[in-house]
Every structure is written in C-alpha cells, then in structure tokens.
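Below: one structure, written as structure tokens.
The values are calculated or read from the model by the stated rules, or taken from the named source; none is laboratory data. Worth saying up front: this structure is predicted, and the values here are computed from it rather than measured. Protein only, heavy atoms only, side chains kept; ligands, DNA and RNA dropped before computing areas. Shrake-Rupley method; radii C 1.70, N 1.55, O 1.52, S 1.80 Å.
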Amino acid sequence: MRRTSDTCDSPRDTTSAPGPRRHLAPLAPLAPLALLLALAALPSAAYATTTTSSPGSTAPALTTRAAQEAPAVTSGGAVRPAAASGLDEPAKKEIAMRLVSSAENSSLDWKDQYRYIEDIGDGRGYTAGIVGFCSGTGDMLGLVRHYAELAPGNVLERFLPALRAVDGTDSHEGLGTAYEDAWREAAKDPVFQRAQDEERDRVYFGPAVAQGKEDGVGTLGQFVYYDAIVMHGPGQDSTSFGGIRARALRTAAPPARGGDETRWLNAFLDARVWAMRQESAHEDTSRVDTAQRVFLDAGNLDLDPPLDWKVYGDSYHIG
C-alpha cells in the first residue's frame with residue numbers, strides 16, 4: 001500500500017528540459033591566509049576560481065571533483081575521504097531501492113512496484129511505478145514519453161494526449177480503468193521497466209548522489225538526499241529538496257565546507273521533518289525518525305548492513 005505521494009510534490013514536466021538543477025548555496029569568503037594554504041594544498045587542476053553569489057565575493061570555490069576528493073570529518077573527529085563509497089555502487093543502490101520501497105509500499109520488493117498504480121487522494125492524480133510518478137505533476141507524462149521513444153506503439157502511448165491534458169490537475173479524464181490496466185500490462189515489458197529505471201536515475205537518483213558527493217557526504221548521506229528528493233521533488237521552494245538543503249545550511253555546514261558530517265546530516269533531517277509536517281500527507285515522519293536517524297545515530301555513515309529499521313510501525317531488516 002502506498003503511504004505517501006513521494007515524487008509528486010513539485011509540479012514539473014521532466015522532459016521539457018535537462019535534468020533538474022541542484023541548489024548550491026554560496027560559499028562564505030575565505031580568509032586570505034587560509035585561502036592561500038588551501039589552494040597550495042590542491043593540485044592545480046583540482047580547483048577553479050569562480051565568482052560566488054555572495055555580494056562582492058570572488059573567493060575561489062572548489063570544483064565538484066575537488067569537493068569529492070576533500071576529506072570528510074566524522075563526529076568522532078576521524079577523517080576519511082569523502083564519498084569513499086557511494087550510493088551508486090550496485091549493492092548500495094539495491095539497499096537504497098529497498099529502503100525507499102519499505103516507506104512507499106510497505107515492502108522490500110521494490111521491483112514489484114513497476115506495476116503499481118493508484119490515486120491516493122492527494123490531489124495529484126495517479127501515483128504509479130517505482131518512485132511514484134504522478135499524472136498531475138508531469139513526471140508520469142515524461143516517463144510515458146520516454147517509453148514511447150524506447151518502444152514506439154506500446155500500450156501506453158495512446159494515452160499521451162490525455163496525460164498532457166490532465167497535467168497539473170488530479171483529473172482522470174481520458175485515463176481511468178483502461179489506463180490502469182494498460183499500465184499494469186506495460187509493467188511486464190522489460191523496456192518499460194528500463195524506462196522507469198532511467199527516469200528515476202535521471203531525475204532523482206543521479207542528482208541526489210551527485211549533490212551528496214559534492215557536499216562530501218558518504219553513502220548514508222547520499223541516501224538521505226535521495227529519499228528526500230523522491231518524496232519532495234527536486235525544486236527550490238521551501239518544501240522541495242533545494243529548500244530543505246537551504247534550511248539546513250542555516251544551522252550547519254556540509255563536510256565539503258569543513259563541517260561535521262553527522263551534525264550536517266542531523267541538520268538536514270531536521271529540515272526534512274519540518275518540510276514533511278507542512279503537508280498532512282507527510283505528517284508521519286517515521287521514515288526519518290525510526291529509519292534514517294537510527295542509521296545516523298549508530299554512526300553507520302556508509303550504510304553497511306545489517307540494517308534494522310521501522311516505518312509506520314512496521315519492522316524491516318536487511319542482512
């Protein structure tokens with residue numbers, strides 16, 4: 001049973017533009033001496049001088065590669081290379097898919113969700129598939145378009161005009177039972193499964209992992225970002241991923257900016273809980289409180305199994 005509206009929070013058409021931009025708050029200006037020391041310690045190709053968005057500031061900012069190579073400091077004071085392991089490693093990605101499925105579908109069998117389709121009454125039309133693509137917010141339309149590109153003439157292609165018409169609404173006009181049946185039929189097609197995987201990675205997983213590495217967080221932090229972007233969308237408003245990250249930056253700094261990793265992730269999760277509580281559909285925060293926060297409190301920054309957690313009172317285990 002789908003418990004939340006996940007990716008449906010921010011209306012968008014994910015095919016009309018490249019993948020979502022990631023919000024990067026401006027870096028604070030460095031003191032001259034600290035700046036010289038920092039630049040001297042880096043290979044010449046590992047940094048670039050850029051103008052930050054802070055008024056009057058032209059402090060050199062680390063590029064993504066340099067940020068990835070910078071050491072991360074844990075709450076115990078230990079230093080480890082940032083993103084020494086990542087959520088995009090196949091075994092860790094599988095764990096991420098199962099964790100999200102436990103919250104979204106009360107099941108660890110995330111691959112069974114390709115066929116899922118339901119209107120959960122949140123005002124966003126149909127919610128369907130492995131990350132809850134929605135008919136009312138554009139990402140379902142983008143997915144069906146992508147499927148049509150991969151497999152012209154498929155069983156969902158004829159519904160594209162109706163999906164365009166209902167985008168931005170909760171209407172089922174032109175869809176209904178026929179569309180639900182066609183979705184479940186398409187879910188048997190490996191090409192449709194591939195289309196869902198690719199859209200998930202392009203719009204949600206890829207940007208979340210990239211931002212996590214840029215911020216210098218490890219595998220757990222990258223998952224924290226991914227789960228947030230799945231539920232809240234990649235937008236910049238206060239309850240979307242960019243707004244959540246911006247709120248966290250008010251009270252902590254990520255490791256790439258010299259911050260403590262555990263403190264940063266706690267600040268991000270605090271901001272995430274605030275965003276969840278702004279909408280009744282997300283008022284149960286157990287996917288943070290009794291799952292992600294449990295891993296963080298245990299110091300499991302690499303998201304290594306065994307993992308034990310609860311969501312909505314249900315217990316789960318990955319050995």
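Along each principal axis, taking the top coordinate minus the bottom one, the Cα set of the stretch 95-191 gives 36, 30, 20 Å in descending order.
Shown in residue order for the stretch 249-257 are the 3J(HN,Hα) couplings computed by the Karplus curve 6.51 cos²θ - 1.76 cosθ + 1.60 at θ = phi - 60°: 5, 6, 10, 7, 10, x, x, 5, 10 Hz (x for Gly and Pro).
Heavy atoms of the protein chains alone define the surface here; on that basis the stretch 208-287 has 28 Å² accessible area per residue at 1.4 Å probe size. Ligands, DNA and RNA excluded, the heavy atoms of ASP289 present near 70 Å² of accessible surface to a 1.4 Å solvent probe.
Going by the alpha-carbon gyration tensor, a ≥ b ≥ c the square roots of its eigenvalues, is the stretch 141-207 rounded (a/c under 1.5) or, if a/c is not under 1.5, prolate (a/b greater than b/c) versus oblate? The shape class here is oblate. The overall shape of the stretch 233-310 is oblate: from the C-alpha gyration tensor, with semi-axes ordered a ≥ b ≥ c, the ratio a/c is 1.5 or greater and a/b is no larger than b/c. Taking the 1.4 Å solvent-accessible surface of the stretch 188-319 as the whole, the part contributed by carbon and sulfur is 48%.
From the alpha carbon centroid of the stretch 84-156 to that of the stretch 219-288 is 21 Å.
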